[in-house]
Amino acid sequence: MEAETAKALLAMASAPSTHRKYLRSLSSIEQIFIRAPLPEVNIAPAYVERLQRWATQPNCHVIHLRDERYPEPLKHISDPPLVLFAHGDLRCLQARMVAIIGSRNASPVGQHTANYFARGLARSGLVVSSGLAKGIDAEAHRAALAEGKTLAVLGTGPDIYYPAHNRQLQQQIMQSGLVITEFAPGMPPKKDHFPRRNRILSGLAELVVVIEAKYQSGTLVTAALAREQQKTVMAVPGSIWNVAHSGCHKLLKEGAALATTVDDILQELNLPPLHPSLTEANGAQRVQINSSRSLANRKLLANVGLEVTSIDTIVARSGLPVATVTEQLVLLELEGHVTSVTGGYIKMGRR
């Protein structure tokens with residue numbers, strides 16, 4: 001990539017909203033390249049060199065608005081990005097896509113729910129997208145990678161690992177899925193980047209699924225963007241006593257579709273349901289716990305709730321000795337039927 005081309009692309013990526021609107025009105029990419037740089041904005045040579053180095057790496061792609069590879073859905077949103085920086089498998093941009101979004105401070109049940117939906121959707125051949133934040137986003141990406149493809153939309157440059165603890169996950173997505181952003185290599189995270197990221201996330205997706213969102217949250221802002229873009233929004237319900245689900249309940253009141261199974265989503269997309277053996281997220285484990293090979297006490301499981309249940313409560317409900325309960329809970333956790341949390345255990349699984 002020549003330095004002048006790199007400068008023009010960086011000018012496009014950093015252009016203010018009014019200038020972006022003007023540039024989109026130009027008929028050719030040659031005109032956009034010429035008019036993109038603003039006299040009062042100096043593109044530092046270090047950023048030019050960084051883009052040039054990044055673009056030489058395998059599977060790194062720069063896609064401008066007039067590029068035939070530019071995703072069609074983004075052309076129809078408000079303020080489509082002038083340029084996209086992508087790392088990974090570009091075929092993800094041509095596939096049908098469902099976004100899974102939710103709380104950064106997700107509960108174990110919320111993460112389990114995201115895992116269930118992401119796995120099922122990936123098995124059905126859909127690309128699962130999210131924003132690579134901690135919590136629901138990260139769990140959706142991990143689960144989708146285990147079964148198929150995932151796409152992450154960043155609020156940073158494509159070579160920046162944010163949050164830092166998702167570094168390995170981001171690298172895995174670059175290898176097996178796709179990372180995409182409108183921010184140039186080297187661009188650090190900034191507060192205003194994430195609303196801009198969210199319009200791309202919802203714009204690329206055909207449908208948006210919301211899991212665990214508070215009444216006032218960034219997740220609901222993304223859901224609102226999806227509605228403005230005429231996308232289907234679905235929400236997963238939760239306990240009426242848990243504020244973490246208040247945003248989902250708000251969306252349901254406002255007309256969002258209800259999502260309690262993967263097939264609910266597939267039906268919205270006019271896709272066939274998953275094979276019965278794949279619709280139960282915990283199917284293989286249920287076979288195990290009902291088999292003679294399982295050492296776990298199935299009756300004890302009935303005394304663990306979907307809310308945090310203390311060991312004392314499980315002992316009282318089951319009538320078993322503390323030592324037996326403790327031993328059985330460890331076995332149930334190893335088989336994936338419960339998970340230990342602060343204050344006790346939570347039952348995992350679809351039903």
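Derivation of every value follows stated rules applied to the coordinates shown; laboratory data play no part. Just so we're clear, the structure is a prediction, and the values are computed from it rather than from any experiment. Glycine gets a Cβ as well: all are built from the backbone with ideal geometry, and neighbour counts include every protein chain shown.
Approximating the spin labels as points 7 Å out from Cα along Cα→Cβ, the Thr326-to-His165 distance works out to 2.8 nm. Couplings 3J(HN,Hα) of the stretch 151-159, computed from phi: 10, 10, 9, 9, x, 9, x, x, 9 Hz, in residue order, whole Hz [Karplus 6.51 cos²θ - 1.76 cosθ + 1.60, θ = phi - 60°; x for Gly and Pro].
Convex hull volume per residue, computed on the Cα atoms of the stretch 1-44, equals 67 Å³. In the chain, helical runs assigned H by DSSP with n ≥ 4 each contribute -39500 (n - 2.57); averaged across all residues and rounded to the nearest 500, the mean residue ellipticity at 222 nm is -12500 deg cm²/dmol.
Calculated translational diffusion coefficient of the stretch 1-120 (25 °C, 0.890 mPa s; Stokes-Einstein with Kirkwood radius over alpha-carbon pairs) equals 147 µm²/s.
Our summary gives the stretch 144-235 a relative contact order of 27 percent, counting only alpha carbon pairs under 8 angstrom and 6 or more residues apart.
3J(HN,Hα) along the stretch 232-238: 6, 10, 10, 10, 9, x, x Hz, from the Karplus curve 6.51 cos²θ - 1.76 cosθ + 1.60 with θ = phi - 60°, whole Hz, x for Gly and Pro.
If R0 is taken as 51 Å, the Cβ-Cβ distance between Leu334 and Gln230 corresponds to a FRET efficiency of 0.65.
The magnitude of the dipole of the stretch 89-232, with charges of +1 and -1 set on the Cβ of Lys/Arg and Asp/Glu and taken from the Cα centre, is near 100 debye.
In percent, what relative contact order does the stretch 91-279 have, based on Cα pairs under 8 Å that are 6 or more apart in sequence?
Normalised by residue count, the contact order of the stretch 91-279 is 20 percent.
Helix 108-123 and the longest principal axis of the C-alpha atoms of the chain enclose an angle of approximately 60°. Could you estimate the translational diffusion coefficient of the chain from the Stokes-Einstein equation, with Rh from the Kirkwood formula over C-alpha pairs, at 25 °C and 0.890 mPa s, in whole µm²/s? Estimated diffusion coefficient is 113 µm²/s. Antiparallel beta bridges, as assigned by DSSP with both residues in the chain, represent about 40 percent of the total such bridges. The GluC sites (Glu not before Pro) of the stretch 66-148 meeting both criteria, a DSSP state outside H, G, I, E and B (loop) and at most 14 other C-beta atoms within 10 angstrom of the site's C-beta, are Glu68. Across the stretch 198-214, rounded Karplus estimates of 3J(HN,Hα) from the backbone phi angles (6.51 cos²θ - 1.76 cosθ + 1.60, θ = phi - 60°) give 5, 5, 6, 4, 6, x, 6, 7, 7, 8, 10, 10, 9, 10, 6, 9, 6 Hz, Gly and Pro being marked x.
Checking the table Lys75/Lys231; Lys134/Lys250; Lys134/Lys191; Lys21/Lys75; Lys214/Lys250; Lys134/Lys214 against a 18 Å threshold on Cα-Cα, which pairs fail? Beyond 18 Å between Cα atoms: Lys134/Lys250. Averaging 1/r across all pairs of distinct Cα atoms in the stretch 75-138 and inverting the result yields a Kirkwood radius of 13.3 Å. Cross-link partners for Lys347 among the aspartates and glutamates, with Cα-Cα distance under 14 Å and sequence neighbours closer than 8 places in the same chain left out: Glu307, Glu333, Glu335.
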